[in-house]
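The values are calculated or read from the model by the stated rules, or taken from the named source; none is laboratory data. Just so we're clear, the structure is a prediction, and the values are computed from it rather than from any experiment. Ideal geometry is used to build each Cβ from the backbone, glycine not excepted, and the neighbour counts take in all protein chains shown. We work out accessible area using only protein heavy atoms, side chains counted, and drop any ligands, DNA or RNA first. Shrake-Rupley method; radii C 1.70, N 1.55, O 1.52, S 1.80 Å.
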Amino acid sequence: MFRELIESWWHDMKEVFTDIGVLIFVIAVPLAYPLIYAYVYNTEIARDVTAAVVDDSQSNMSREFIRKIDAAPEMAVYAKCTNMAEAQDLMMKREVYGIVHIPKSFEDDLRKGKQTRVGVYCDVSSMIYYKNLLLPCTNASLEMNKLIRVEKFKNLITDREREVAMQPVKYQHVQLFNPQGGYDSFLLPPVLMLIIQQTMLLGMGMAMGKTREKNRGYALDLNMHLTHPVSVLLGRMMIYVPLYILLALYMYTVVTQMFTFPQLGHYWDFVGFIIPYVIDCCVFGLVLASLLYRREDSILMFVFMSVPLLFMSGVSWPGSNLPDFWYYVGRLFPSSYGINGYVRLTSMGASLKDLHSEMTGIVIQTAVYFVIAMLITRLQIIRVEKGRKLGIDNARLKYDKKLLEE
Amino acid sequence: MLSYVKRQGKRIWMLTVRELRIFIRRPLLVFCMLIAPIFCAIFFSTMMSEGLPQKLPTGLVDEDNTSTTRQIVRILGSMKTTDLSRRYPTFEAAKEAVLHGEIYAFMYIPKGTTQAAISSKQPQISFYTNDAYFLPASLLMKDLRTTSEMTGLAITRETLRAKGLTDKQIMGVLQPIVIESHPISNSTLNYSVLLTNCIVPGIVILMIMLTTTYAIGMEWKKGTQKFVYHDMAGGSVPIFITGKLLPQTVLYVLQFWMMYVYLYKVLCFPCQSGLFPMMCIGVLTVLAAQAFGLVMFGIFAGQMRMSMSASALVGVLSISMAGFSYPTTAMSPLLIKLSWIFPLRDYFLIYSNQALNGYPIEYAWQPILALLIMMVVPLLFIKRYAYAINHIDYVP
């Protein structure tokens, strides 16, 4: 059995490392894709989202309000328009993403002690526009409200109490993790874990397609006498697992440091987490790859899955709000555990102990998928044996006939 | 002339029939062209069926536990986004809960807050959000902030009431400037409207590019490209390509239309422009995406795997480049310029002009032009295709 393991490993090794198509997916893409994504989101935070201001009040106070929102880093006053129609035109041209409308009675109302309403109209084709326009306006209003309150309180209470009455309870907001609220620090860690799983699937699927094409539809090399499913599987795992551990280390060290992504977790916790995850992905890949019959099929089959998988992991859309059905579907994929575990590890500084639920999931998955992969390989071995009894030439003939039918 | 058209028409028909036969024998193609996009449409629309995430688990550490602090709990409890059912005895316990993913945020009220507020010592309360989870953190931040603001004001309101002010006067003092937000066309901030509308077309566009390069590349793989070109297409590259891609075009256009009916008629997402303009945009998008695939195949003449890999790269990247999650305008200047060549980016711009906002279509002339240009670019590759057919073999 051990001899068979080495034989099968060496054979597959040669197949993988002489196949440029597979190598692109298992080496070039994992090396390059994190860099491309980091470049796309390199700006981290959207600054200076443009807005038009329609100031019907034209008063000192309205101008103060405009100055305040313009000073905020999130937005920039792009134009001051005389009426809404003009501002709307800018919006249709996508030169501005929002309109701030200050009513004619703005200053009057404030002087009379009445409430006044500032309208903020936002393009919501991206939520970030909405967020970036609303936040500075709210901040400016809170700040001005505080000062106005001080004025009002002048007549009501003594100077000493004024400061406190203005704001009896102070509050502060602390961003526990990802303190800059950067979009890349939020999205990149999940994407890295997804890249590990998806490129491994693509590479393994392509390698499997190649084996089948070379061996007339059989999943194992017809010229080799393989009898133990475990040795075949271990042989394949011995190619991908070490390779991907290296790639994961590259992502954790080079990529993370180059773009200063969060890296709170302990190095050895990361190693302890990533090895089971890579093994899990590999075993999962062995199962899925067995479904493929042609080299290029893996691209058709696996690429589109990346986007739904990102959402199923519960990072883009809050996991607490995933419908049960999709939550459990997500649990079938290693990435759901990998993404959550990695985010907790690097962005939130969790230790391996804190990742108990993810680790359990990964271990169970690995065991289940390994058994399934073993059964599949067992079947494949039986099929090859049968084919061989027919004689390799006959077996080939059968497949050729199928090919010709196409 | 008529007989010429007839002859070419017949050729295209023959190729189409042959193509349909291939579909039947390759279930994977049907999976990609039908099942995958339908799956994604159902997945994204059901996953985000609640629109804006509601009842996000939030913690509370109330060391003070007085009637005033319980009022905070009531205010927060009345908010849709927050689910404040989890209590923690200490700050550390709450932080631990964040670490374990039980809650996305928590509010911390230290001991003696009420006492300090009443005796005018201006105490401080804090709220903590976990921004490693972007969406829940930013939604909860808004709620927690409003609550904190209101907590302080509740105490001021009592003081003012004691001075004999009316409620209307009080509001004029407490909150003189009110910000009224009007998210245009999506007043409930429904995330499904935002994302399903763009991600599903994005996946269909990805599939179009992949199946275009796959279907054409298959001829090289089987070594039948010369036969199809000389014997079936009469030595004409446009006929060769039209015949091969026509069934896909029809299928994908129908899919876009079905998707619009599902989104705008069944789910009632905003469609200010009406269905017809969107259906035309669907046709334009399918053709542009196919053209993109053709250009990819032209660039890597006859190399199926490379052209598919490149299409996959562009297709997946375009979901980021389109700008519905992170705005394209915030990316680097080079990427802003490059974004025009991503069909999904152009589609997104036209969609938000038409269906979402219902603006006059002339304001979207740039993305429409971009898609139209994309459609004619493959014409530059006709010679290269002819060369590839006659001289280049399949590379595994």
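Karplus-based coupling profile of the range A:290-301, in residue order and whole Hz: 5, 7, 9, 10, 10, 3, 7, 4, 5, 5, 4, 7, with θ = phi - 60° in 6.51 cos²θ - 1.76 cosθ + 1.60 and x standing for Gly or Pro. When B:Y214, B:Y262 are compared by accessible area of protein heavy atoms, the largest-first order is B:Y262, B:Y214, using a 1.4 Å probe. Contact order normalised by length for chain B, with contacts defined as Cα pairs under 8 Å and 6 or more residues apart; what percent is it? After rounding, I find 18 percent. Within a straight-line Cα-Cα reach of under 17 Å, B:K111 can be paired with the following lysines, leaving aside sequence neighbours fewer than 8 residues apart in one chain: A:K170, B:K121.
Give the average, rounded to an integer, of partner chain Cβ atoms located within 10 angstrom of each Cβ in B:164-176. Please report the intermediate quantities before stating the final value.
Working: counts 0, 3, 0, 0, 3, 3, 1, 3, 9, 10, 5, 7, 17.
Going residue by residue through B:164-176 and averaging, the value is 5.
Within 10 Å of the Cβ of each residue in B:195-203, the mean number of Cβ atoms contributed by other protein chains is 2. Backbone amide hydrogens, once placed in the peptide plane, bring B:S181 within less than 5 Å of A:V120, excluding anything fewer than 5 places away on its chain. Between B:A93 and A:T260, the FRET efficiency from the beta-carbon distance, with R0 = 30 Å, is close to 0.45.
What FRET efficiency comes out for A:D89 versus A:R111 if R0 is 41 angstrom and r is the Cβ-Cβ distance? Round to the nearest 0.05. Numbers along the way, then the final one.
Values: r = 33 Å, r/R0 = 0.80.
Approximately 0.80, to the nearest 0.05.
Ranked from highest to lowest mean number of other Cβ atoms within 10 Å per residue, what is the order of the peptides B:327-338, A:240-251, B:130-141? It would help to have the intermediate numbers written out before the result.
Numbers: B:327-338: 15.7, A:240-251: 18.9, B:130-141: 23.5.
Result, highest mean first: B:130-141, A:240-251, B:327-338.
For the protein assembly as shown, the share of alpha carbon pairs falling in successive 20 Å distance bins from zero is 14, 42, 30, 11, 2, 0 percent. The amide H of B:T82, built 1.01 Å from its N in the peptide plane, has B:K55, B:L56 as neighbours under 5 Å, considering only residues 5 or more places off or on other chains. Ligands, DNA and RNA excluded, the heavy atoms of B:T146 present near 60 Å² of accessible surface to a 1.4 Å solvent probe.
Among A:I20, A:I45, A:I239, whose mean-square fluctuation peaks in a Gaussian network model of chain A (Cα, cutoff 10 Å)? Highest fluctuation of the listed residues: A:I20.
Here the label points at A:Y293 and A:K104, each 7 Å from Cα along the C-beta direction, are separated by 7.5 nm in the simple model. By a 1.4 Å probe calculation restricted to protein chains, B:D231 has an accessible surface near 110 Å², given to the nearest 10. Using R0 = 30 Å, the C-beta based FRET efficiency linking A:Y39 and B:I299 works out to 0.85.
Accessible area buried by the pairing of B and A, both sides summed with a 1.4 Å probe, works out to roughly 11000 Å².
Peptide B:18-27 has a mean shielding of 1, counted as Cβ atoms of other protein chains within 10 Å of each residue's Cβ.
Could you order A:W9, A:W268 by accessible surface area, starting with the largest, using a probe radius of 1.4 Å? All intermediate terms of the calculation are to be shown ahead of the outcome.
Numbers: A:W9 60, A:W268 170 Å².
Sorted descending by solvent-accessible area, the residues read A:W268, A:W9.
Couplings 3J(HN,Hα) for the range A:205-215, derived from phi with the Karplus relation 6.51 cos²θ - 1.76 cosθ + 1.60 (θ = phi - 60°), are x, 5, 4, 5, x, 5, 4, 5, 5, 6, 10 Hz, where x marks Gly and Pro. Modelled this way, with points 7 Å down the Cα-to-C-beta line, the labels at B:E63 and B:E158 are 2.1 nm from one another.
Note on A:K214 and B:W257: the model spin-label points, each 7 Å out from Cα along the C-beta direction, lie 4.7 nm apart. Report the antiparallel proportion of the DSSP beta bridges in the protein assembly as shown as a percent, rounded to a multiple of 5. Approximately 20 percent, going by the DSSP bridge assignments.
For B:R25, A:R388, write out the residues from largest to smallest accessible area, computed with a 1.4 angstrom probe and no ligands counted. Show your work: numbers first, answer last.
Working: B:R25 105, A:R388 45 Å².
So the residues, ranked largest to smallest area, are B:R25, A:R388.
Under a 5 Å amide H cut-off, with hydrogens placed 1.01 Å from N, B:G235 pairs with B:H230 among residues at least 5 apart or on other chains.
Which residues, if any, in the range A:282-302 have at least 50 Å² less accessible area in the whole protein complex than in the isolated chain, probe 1.4 Å? Output list: A:E296, A:I299, A:L300. Where in the range B:56-75 does the amide nitrogen come within less than 18 Å of the point 7 Å from the Cα of B:I118, taken along Cα to Cβ? Residues B:63-73 qualify, since their backbone N sits under 18 Å from the label point.
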